[in-house]
Amino acid sequence: PALSYTWIFNNTTLDLREDSRRFVSQATGNLYLAKVEPWDVGNYTCAVSSAGAQRQARGTPTALSLRADGVMGEYEPKIEVRFPETTYAAKGSSVRLECFALGK
């Protein structure tokens with residue numbers, strides 16, 4: 001059965017319908033935050049549910065905190081693309097290729 005991912009921030013489900021800074025990938029369950037702000041600091045918990053199996057599971061909370069020194073360490077600006085050398089698709093089918101950027 002299909003899985004659905006939601007994220008809980010400080011015990012409140014994130015409502016991302018009109019949020020241009022946060023996005024949850026329904027393919028991977030990853031939560032992406034752009035332009036982190038002080039009010040984003042707190043605990044994030046992933047919840048996975050399956051309507052077909054009528055079950056839900058939650059992960060352990062992950063704390064997000066801001067670095068006081070503003071140093072990003074290993075995270076110099078870069079773009080990563082992880083595609084296989086060849087991607088096959090049937091004619092008329094849909095294909096999704098994802099990439100992301102990191103940096104300050």
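Rule-based calculations on the coordinates, nothing more; no lab input. On a predicted model such as this, the values are computed, not experimentally measured, just so you know. With ideal geometry, Cβ positions are generated from the backbone for all residues, glycine too; neighbour counts draw on all protein chains shown.
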Inset, instruction - Collect residues whose amide H, placed 1.01 Å from N in the peptide plane, falls under 5 Å from the amide H of GLY29; neighbours closer than 5 in sequence don't count. - result: none
Inset, instruction - Tell me the label-point distance for the pair THR87, LYS35, using the 7 Å Cα-to-Cβ offset, in nm and rounded to one decimal. - result: 2.8
Legend entry - Difference of contour (0.36 nm per residue) and Cα-Cα distance, ARG17 to ALA68: 15.3 nm
